[in-house]
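A quick write-up on the structure given underneath.
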Amino acid sequence: MASAKGLLVKVRGDGAGLSVRGGPPRIGGIEAEPILALPPGAAAAGTAAAADRGATWLRLATDAADTDNPWDHAHDLVARNPALAAAGGEVLAVEPDILQQWDYRNGAGERGMAASAAPTCTFDDQDPSGGQATVSGRVAWNAAPDFSQFKAARESVGARQANITIAHLDTGFDPGHETLPAGLLTAQQRNFVDDGTGPNNATDHAPAGTLTSNRGHGTGTLSLLAGNKLDGTSPHWQGFTDFVGGAPLAKILPVRIADWVVRLTTGTMVQGIDYARQQGAQVLSMSMGGLASQALVDAVNLAYDHGVVMVTAAGNNFTITPSSIVYPARYNRVLAACGVMGDGRAYAGLALGTMQGNYGPPSKMDTALGAYTPNVPWAEIDCRKVVDMDGSGTSAATPQVAAAAALWLAEHWDVVKNYPQPWMRIEAVRKALFAKALKSTAKMNAAETKQKIGQGVLRAFDALGFPPPAANSLTKLAPATYTWSWLDLLTGGSSLAAPTPATLRQRMMFALELTQMAQGSAAIEQAIADPDGDPGNISAAARNRYLEAALDQGNPSKPLKAFLEGLLGRPGASAAVPAPVMGPAPAIRRKPRPLPPPQRRLRIYALDPSVAKRLDSVSVYQSTLSVPWDDEPATDRPLLPGPIGEYLEVVDVDPASDRVYDPIDLNDKVLLAQDGLPPSEGNPRFHQQMVYAVAMTTIGHFERALGRRALWAPHYAEAPGRTGDMTVKAHYVPRLRIYPHALRAENAYYSPEKKALLFGYFPATSNEGDVTTPGTTVFSCLSSDIVAHEMSHALLDGLHRRFQEASNPDVPAFHEAFADIVALFQHFTMKELVSFEIGKARGELSAASLLSGIAKQFGEGSGRAGPLREYGGAGMADLDYDKTFEAHDRGSILVFAVYQAFLAIADRRTDDLIQLATGGSGILPAGTLHPSLVERLTDEVAKTAKQMLTMCIRALDCCPSVDITFGEYLRALITADRDAYPDDPLHYRLAFLESFRKWKLLPRDVRTISEDTLAWSAPENPSPGWLKGLLSRIDLGWNQKLKRAEIFALNDKNRYALWKAMHKAFASNPDLYKQFGLLPDLPRYNEDGTVMHAPKKGETTFDVYGVRPTRRVEPDGSFRVEVVVVIQQRIPVALDGTAMPQGMAKGDGFFWFRGGATIIIDPREGFEEIRYSIIKNTGSADRQKRQAGTMAANYLSPLRALYFGGEVSEPFALLHASDGDDDHV
């Protein structure tokens, strides 16, 4: 049985009887969300009592019960809530909101539709496998005169198509595809999938997956429905400049009801159908379906009464699964789209395991119609010009039938719009399409055609000639019902005694569950030839066969099982009809609290494959990382193959080799039992495992240090607004994508534009004597250093977006240095490696070469005769901060300073152990160190490294928001560590200060150097009167249990709330500007530096770029939450360094100069204060001059375009690109 996302509950009226003190309806203490309102007099399934004052369907997002049948959860809700019984007739029906998967794979597990996941954007031609028919050498053959006649029909109707609105219910649309319909109603788009992207974004959020991910289902069906013209250059469509879709000029209402793997719920189908009705759509196209449902019946009946022509897919099967038509297509008020192949055969009877279309039962085929599939056009998502020719399934037939219905309505709209009842439009459309459909084909006679595709094969142009029937000749179909008549009678619907509301509700639940069973089991489905037909024609023996199969193979819920056992006289029966739960509340049940999910253990190369190629280090070539479980029940969604989890999505596409590698499933039992795959250079699935494990480890370090969950840098959309209004909209990015084999190049980089890590591979050009053999392939994704380095870029970008902008030589160097610091200290989390190196170096940590080098194999493979960077040797001594400007070299000075501080602290922490081991001499005896000494030294060194890494990451919250220098990073380190640990007995901070002084990295604007003077200061008045008012506007309801999307939304809400409050405070007191480093009276600028409009008197422009929490435990054990606020402002500056606050002349060269503040606030009520204020004045002439000089220097040429009219979207790709002997990672 399928799983459920919650429960659907139907209540009388608007549920006011279930509300508390006028609030929203609540059931069992759970707030309910209305998803469908039925007006008085609307058809009500199962009870006429709802018609007096209408009814409402509510959705309850309840936790699933410990059962494999969601119906048990529904019965359990009723049993645990006596309020339901007390409410009497207020609660009319209960059913699970079942999560359903739309079939699209064939028997081999490969995609069944042309939903190619390969971002290489290659054309997929017609597929003859399994006996599928092809129409050789023709694209868009389905629209031709000898097939469905769409070309002639749409040309005949022409612009009148725009009178008709078609609702497209699917996985969304691709806004960048060439087939995007011209009439797409983007302002009315709606998303009913709870994926964190909001209700007004119906784009197809389809991650680039693999051939098993069925990407772009909605993009494909939309191209058949209303696909726009091609320009003649699409692959294999050369010279084709016509429309792809059947009704390309109709208005299209995009409604997203399923996610990218075509999972949908009963509730999202109901919401989608009703939204189409509310928006006035005349036609609805839904290329999916599922189980029977009372809520679905009510939505269908309401839409029918309002004149919505509903066309939905008949469903697909693989010859071993149930093959009758699915719901809602099964209801006679809905037109079912069946399949006919290009050679005239029905889309059925294909090879075992090949996807094919559903048909039947016979009573349904009067309201079914056939359209051509498979091997029809299918637009490929994320590939602007690619339209494949292997579209298949009844998913492909559905939009064609819907398009034909829209064309007929458009042709005759002036008549049919005047029908006295809206439902008459539906019956008129059906009469036209059915009358002109082909009743037989070259391969099927009339009887077989009726049996397998219904009223015939669609002929769109011929149908246009069928005139609108007279209103009095049209007959309204009977309302759809939630179950079959014979089941309704069987479960008590014919009882002479009036049942209680609770009894009636339980009988309805039994009947619906028995109906749904037929769609999950072929044995149950085949027990009765036509369960939808006249109940008088269904024998008692057939009914018993059905019920016996339901009991034995249907996995019935516990109450239904008891009912069936009693009804059939089977052993174990209790009562024939279990009485509804009434009376006193049940006894309190208790059970042990479940343990949290374990950590997931995954093997990796400890550093990279080179360690395994030397006899003296092979014993430590692999390590096992413990990463978060990243799967249910710890997360809302399961960890999918890829892996695709809460934070990351590994996409293994190799464009250079034109390959898509199968994704690893980390939930495979064999892999779970052995800590994942063993390290292997030749297995792409291990590559996927390694990047995921190292990336998740890096995320864990950041989250622990910062006290909050990691968020990726958002997508920003900028638009002009009113004076002083925010113009930057941030869009949530749920996952960072990782491409292990993205490039055939000596490179790896983080893409801020794509929100992705791209790793390269290349043939080694190593030197003689190197471990890495020349000509062998070096994979950068197998270097834990490189993975951690690039992940650090991504995480840092999520915190400090402006650190991409090289406003002084330290900024790009800091990005590189910080990424190396994280990679370097992560070496020390692998204790086996640390222990090995300490033993080998006889306790001399500075001699532990494996621990101090970065990317050894990459360095050798690219001809360096050693690691890419080495922080333990003497080579760094040649670098001079005042003379070194290349980003990696300059950054190496900062890394070396941090590493030297670490070595100094590690020596202090281990000195007592050495003294004890040597009797006070400090000189270790010759020979191997005692294992216990090595173990103790390893513990101390690893602990020190972990503390230093936490210090380095925690300091990010105390950094200026723009234009950082190495000296300012030292100030951030000192400030954050003093705050967390006022006592520093081992003098960590002094070690940093001393090392930074040695390498000339101290801040130049501090007169005396000490911890006190280096720590950031608070304002003269840390608790100004306006602060409390500002904080009152912020929602401080941060919770570590919030979903990351909810955290992002809360942060965004707080950003805007704080901006409004500050704007108001500034207007009343302009002197506040200088407290935040802002300039007054700045206009709003266009992107070319010209003035958009002048400021109002006393106002200025600024943005609040971040409002984020930080949590930490105080030295006294108390828990503190602080607020980090980032405020920024920009002005254009001429290339000679002259500030131009009144704007540039159009076309003049300039760069953006930024200022603002990072404010750290204690928000506790009664203790509100600004603890630290880190200011970068927008009016600083010295910084403006420095930035102008930085731009003019050649050593930053890769990033210079960031400051002119153009934009470099991949700064790290440029920074990391191969350039002879000077390339870096």
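Tabulated data
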read-out	value
Selection count, segment 155-196, where residues are of a type in the set (Val, Ile, Thr) and either without any contact (Cβ under 8 Å) to a residue 40 or more places away in the chain or part of a loop (DSSP other than H, G, I, E, B) (or both)	4
Index of the failed condition, Thr210 passing every other in (1) in contact with a Lys or Arg (Cβ under 9 Å, 6 or more places away or on another chain); (2) at pLDDT below 95	(1)
Top-ranked residue in segment 998-1016 [being farther than 15 Å from Glu968 by Cβ and without any contact (Cβ under 8 Å) to a residue 40 or more places away in the chain; ranked as surrounded by the most Cβ atoms within 10 Å (Cβ to Cβ)]	Glu1011
Restricting segment 360-373 to residues that are at pLDDT below 95 and in a loop (DSSP other than H, G, I, E, B), the residue that is farthest from Gly339 (Cα to Cα)	Pro361
Subset of segment 664-691 [farther than 15 Å from Leu607 by Cα and either of a type in the set (Asp, Glu) or crowded, with 23+ Cβ neighbours inside 10 Å (or both)]	Ile664, Asp665, Leu666, Asp668, Asp675, Gly676, Gln688
Ser285 within 30 Å of Leu639 (Cβ to Cβ), touching a residue at least 12 places away in the same chain (Cβ under 8 Å) and in contact with a helix residue (DSSP H, G or I) (Cβ under 7 Å, 6 or more places away or on another chain)	no
Test: residue in segment 236-249 that is over 24 Å from the mean Cα position of the chain (by Cα), of a type in the set (Phe, Trp, Tyr), at pLDDT 95 or above and in a helix (DSSP H, G or I)	no
Complete set of residues in segment 1115-1160 that are under 32 Å from the mean Cα position of the chain (by Cα) and among the β-branched types (Val, Ile, Thr)	Val1121, Val1123, Val1124, Val1125, Val1126, Ile1127, Thr1158, Ile1159, Ile1160
Test: residue in segment 637-646 that is under 20 Å from the mean Cα position of the chain (by Cα), of a type outside the set (D, E, K, R) and surrounded by fewer than 16 Cβ atoms within 10 Å (Cβ to Cβ)	yes
Filter pass, Ala742 being assigned to a helix (DSSP H, G or I) and of a type in the set (A, V, I, L, M)	no
Test: residue in segment 935-943 that is surrounded by 15 or more Cβ atoms within 10 Å (Cβ to Cβ) and closer than 30 Å to Gly1166 by Cα	no
Segment 306-339: number of residues that are at pLDDT below 95 and farther than 16 Å from Asp366 by Cα	9
Any chance Gln519 is at pLDDT below 85 and either under 30 Å from Pro678 (Cα atoms) or in contact with a strand residue (DSSP E or B) (Cβ under 9 Å, 6 or more places away or on another chain) (or both)	yes
Elements of type helices (runs of 4 or more DSSP H) contained in segment 879-997, each with 2 or more residues being within 25 Å of Val834 (Cα to Cα) and touching a Ser or Thr at 6+ places or on another chain (Cβ under 7 Å)	887-918, 931-954
Residues of segment 394-453 satisfying the condition of being more than 30 Å from Met355 (Cα to Cα) and part of a loop (DSSP other than H, G, I, E, B)	His412, Lys417, Asn418, Tyr419, Pro420, Gln421, Pro422
Selection count, segment 625-644, where residues are in a loop (DSSP other than H, G, I, E, B), modelled with pLDDT of 90 or more and touching a helix residue (DSSP H, G or I) at 6+ places or on another chain (Cβ under 8 Å)	2
In segment 376-418, residue modelled with the highest pLDDT [restricted to those that are touching a Lys or Arg at 6+ places or on another chain (Cβ under 6 Å) and more than 20 Å from Ala337 (Cβ to Cβ)]	Val416
Near pairs, Cβ below 8 angstrom, 6+ apart or cross-chain, from segment 557-573 (not assigned by TED's automatic domain parsing to the domain that holds Asp68) to any residue that is loosely packed, with under 15 Cβ neighbours inside 10 Å and at pLDDT 80 or above	Leu568/Asn544
Which listed residue, of Pro1083, Pro1070, Pro1115, Pro1109, is buried (at least 18 other Cβ atoms within 10 Å of the Cβ) and either among the acidic types (Asp, Glu) or modelled with pLDDT under 85 (or both)	Pro1109
Residue list for segment 1065-1096, filter: over 18 Å from Thr1178 (Cα atoms) and touching a helix residue (DSSP H, G or I) at 6+ places or on another chain (Cβ under 9 Å)	Ala1065, Ser1068, Asn1069, Lys1096
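Yes/no matrix, rows are residues, columns are (1) over 30 Å from Asp194 (Cβ atoms); (2) out of contact with any strand residue (DSSP E or B) (no Cβ under 9 Å at 6 or more places or on another chain):
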| position | (1), (2) |
| --- | --- |
| Pro598 | no, no |
| Leu602 | no, no |
| Ala606 | yes, no |
| Lys613 | yes, yes |
| Val618 | yes, yes |
| Tyr621 | yes, no |
| Pro633 | no, yes |
| Leu640 | no, no |
| Ile644 | no, no |
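The values are calculated or read from the model by the stated rules, or taken from the named source; none is laboratory data. For clarity, every value in this text was computed on a predicted model and none was experimentally measured. Methodologically, a virtual Cβ is constructed for each residue, glycine included, from the backbone with ideal geometry; neighbour enumeration extends over all protein chains shown.
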